[in-house]
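Chemist: Here it is, the structure in full.
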Amino acid sequence: MEPVSTADKTSTTKVSTLHKDDPFSTSSQDLNGFRQGRGRCKGERECPCVSGVLCITGAQRWTAARCHSSAGVAPMTVQKGALLSLAALTIDPGGKFVDPSLTLQSFPYGGCESVEISYQSGQFQPAIRVADLLQHITQMKCGQGYGFKEEYEGLAEGQTAPWEMAKKYKNRNKNRYGNIIAYDHTRVRLQPLEGDPHSDYINANYIDGYHRPRHYIATQGPMQETVRDFWRMVWQENSTSIVMVTNLVEVGRVKCVRYWPDETEVYGDLKVTLIETEPLAEYVIRTFTVQKKSHHEIREIRQFHFTSWPDHGVPCYATGLLGFIRQVKFLNPPEGGPIAVHCSAGAGRTGCFMAVDIMLDMAENEGVVDIFNCIRELRSQRVNMVQTEEQYVFVHDAILEACLCGNTAIPVCEFRAVYYNISRLDPQTNSSQVKDEFQTLNIVTPRVRPEDCSVGLLPRNHDKNRSMDVLSADRCLPFLISVDGESSNYINAALMDSHKQPAAFIVTQHPLPNTTADFWRLVFDYNCSSIVMLNEMDAAQVEFISADIDDDIINRIFRICNMARPQDGYRLVQHFQFIGWPAYRDTPLSKRSILQLVRRLSKWQEQVVSISEMIRQQNIVDVFHT
C-alpha cells in the first residue's frame, strides 16, 4: 500500500481500513529489514542476572517513581521511525491544551510520511491521527458528558453470533466458562479423531490481524480435559508462537493448567520436548520441539509467557507489555501459522494483546489508529474481547506510550555512531535528540501520587523518611521480615527489576540514625550481597575505614548475622562507596569511574546490572525504556 495523500481521503474518516482485502502493506523484505535494524547483532551470548544489589542514594538522586523494567527487544517504530515531539505542547491550569499541534519528528533510523486525516472528536468509529492521539486520550479522560465510559458502552456486549457447536452437550466440559465460548463462524475446527465425531471442537476462534486474515487464534487457557486438543490445534494450524497472558494460579484460583512439560511429555500423538527456558523480569520465553507420531518432521515452537499482569485490573504501566509484544513480533517467523493467544477465558487480556499489536501495525503503516473499530471487529469474531472499560483505557494508554516513545533500542554494533548523532546539538533549537527523549520520558512517566504511598505517609513512619517528598509506592516496598523489638516493618526503599530478573535491586535512602538497624535488617532479610553507596558521608558523621580506596571507589566487606537467630549463620556483604559523584553535580565527575564501579560490582556478583545485561544478552542498548 502506497502512502495516501490528503486528496485521496474524505474530510472525516469513519471507516476503518483494518480488514481490507488488499495484501499487507509492508512487504516481507521491508519487515525483515525493519526487524533487523532494531534486532540483535551476531555473536550474542547469554549472561547471568543480578541478584541482591542494594543501592543507597541521597534523597535528591532517586525517586523510585517507576518500579518496573521494559524487558523489551527490537521495539517497533511508529510510522517507520517517527517519534512524537512534545516540544510544542502546553497545558493550561484547567487541563486544556493551549497548543495541540503535535508534530512527527524523524528518528535516526528512517524517514516518515505522515497521513493527513481529520476527525471529529466525540463520534463513534473515528480513525485518530497518531499526532493527535495524546490530545484525544486526554480529552476522553477529562471530558464531561462523553468519554471512555460512553465510548466503551457503545461496543456490543455478550453473544452477537451463533455458537451452537460450543453449546452441544458433548462439548460443554471443554469450555472453562459458559459465557466465553467459540462462535460457529470463526471457530477453529480440529480434524476429527477416528471414531469420535465430537472431537473437532475446541474453544478457539480465528482472529484477523492488520491486513492478515486469521493472523491469530484466540483461545481459553487449556484445562486438564483439553490439553491434548490444544496441542492438536497448534500442530494442525502450524502455529510457531504461543502467547500466554495469565499465570497458572491467581488469587487462589486455577486460571490455566500447566500444558507444557518440564522435559518431555506425550500429548495424544504429539511428543513435546522443552529445549530452553529464558526467564526475564516480566515474561518467560520457552522453546519446545514438537513431533507427531509416525512423522519425521520436528517443529520448533516458542511460548511467550507474560507473567506481570496483576491479579486484578491492568498493569500500572504498559512498558512491559509493549516490550513483550515487540519480542513476539521479532521472533515469530513470517512463514508460521496463526499466533495462538490465550489468557484464562481467552477474551480480556487476549483481546488487549491483539488490539495493541494490530493498532501498532496500523499506526506504523497509516499514521492513524482506529481502536474502537478494532475492538468491535475483534468482538465480531470472539465474544467480549477486551472485557472491561479499564482494559479499554489501558489499550489506549499502551498505544500512546508506544507512539510517544518510539524506538529507542540501539544495536550494540551501532551504538557509538548513533550516540554521536543523537547527542549533537541542533544550532536552531539548542537541543539534541537525547535531551528531547529525556523530556518525553518525564512526560510519559506517571508520577507517584500521595495515595500510592500510604504506608510511608503513616504518622508512625514519618521519622523514617529522610524527605517526605521522596517516598516509595506501596506496591514496591520491601517489607522487613526479621523482628526488632517494637520497630515496624517499614523502610523507605523500593524493589526494582533488572532487565532479566524481577526485584533484582533495592533502592533506598542513606540510613538515618534511627533507621540504621532497619537498614541492616533489610540487607539480611533480602540476602543482599552488595551495597552500592552513591553519596558522601555527612560532614558531622565520623566513620572508621579499614578498607581499600582505589580511584573513586571505597570497598568494604562486612560480616552480618541475626543475633536473634544465630543458627542462620552469617553473610558476607561487600560495600561499594562511590566518592566521584559530588552532591552539587547531576552527573559523576568521570564516566570511566562509574564504569569501573559497575565492573567491580559485576565481578563481585558474578553477574551484571540492568543495561549491561541487555548489552551482553541481546546486543542492544535501550537506556530510555530501562
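Chemist: Sort 342, 575 so the one with the fewest other Cβ atoms within 10 Å of its own Cβ comes first.
Modeler: Numbers: 342 26, 575 17.
Ascending Cβ contact count within 10 Å gives the list 575, 342.
Chemist: Under the classification rounded if a/c is under 1.5, otherwise prolate if a/b is larger than b/c and oblate if not, where does region 350-463 fall, given a ≥ b ≥ c as square roots of the Cα gyration tensor eigenvalues? Before the final figure, lay out the partial values.
Modeler: Numbers: a/c = 2.66, a/b = 1.12, b/c = 2.37.
It comes out oblate by the Cα gyration axes.
Chemist: Can you sort 295, 499, 136 from fewest to most other Cβ atoms within 10 Å of each residue's own Cβ?
Modeler: On the way: 295 13, 499 29, 136 20.
Neighbour counts put them in this order, fewest first: 295, 136, 499.
Chemist: How far is the Cα center of region 375-391 from the Cα center of region 161-184, in Å?
Modeler: Their Cα centres are 18 Å away from one another.
Chemist: Among the listed pairs 149/500; 271/329; 500/603; 435/464; 255/329; 168/271, which are separated by more than 28 Å between their Cα atoms? Provide the component values of the computation, followed by the final result.
Modeler: On the way: 149/500 37 Å; 271/329 26 Å; 500/603 18 Å; 435/464 35 Å; 255/329 25 Å; 168/271 30 Å.
Over 28 Å Cα-Cα: 149/500; 435/464; 168/271.
Chemist: Restrict the search to region 155-189; then list the trypsin sites (Lys or Arg not before Pro) that DSSP places in a loop and that have at most 14 other Cβ atoms within 10 Å of their Cβ.
Modeler: Numbers: sites: 167, 168, 170, 172, 174, 176, 187, 189; in loops: 168, 176.
For trypsin sites (Lys or Arg not before Pro) across region 155-189 that sit outside H, G, I, E and B with at most 14 neighbouring Cβ atoms in 10 Å, the list reads 168.
Chemist: Using only alpha carbons, build the gyration tensor for region 153-405 and give me the equivalent ellipsoid semi-axes, biggest first, whole Å. Mind showing how you got there, number by number?
Modeler: On the way: eigenvalues 148, 96, 59 Å².
Equivalent-ellipsoid dimensions as semi-axes: 27, 22, 17 Å.
Chemist: Follow-up question, since we're still on this one. What is the Cα centroid distance between region 417-446 and region 312-348, reported in whole angstrom?
Modeler: 30
Chemist: Continuing with the same structure: Using a 10 Å cut-off around each Cβ, can you sort 500, 329 from fewest to most neighbouring Cβ atoms?
Modeler: On the way: 500 25, 329 20.
So the ranking, lowest neighbour count to highest, is 329, 500.
Coordinate-derived values only; no laboratory data. In this text the structure is predicted, and so the values were computed from the model without any measurement. Every residue, glycine as well, gets a Cβ built from its backbone with ideal geometry; the counts of neighbours run over all protein chains shown.
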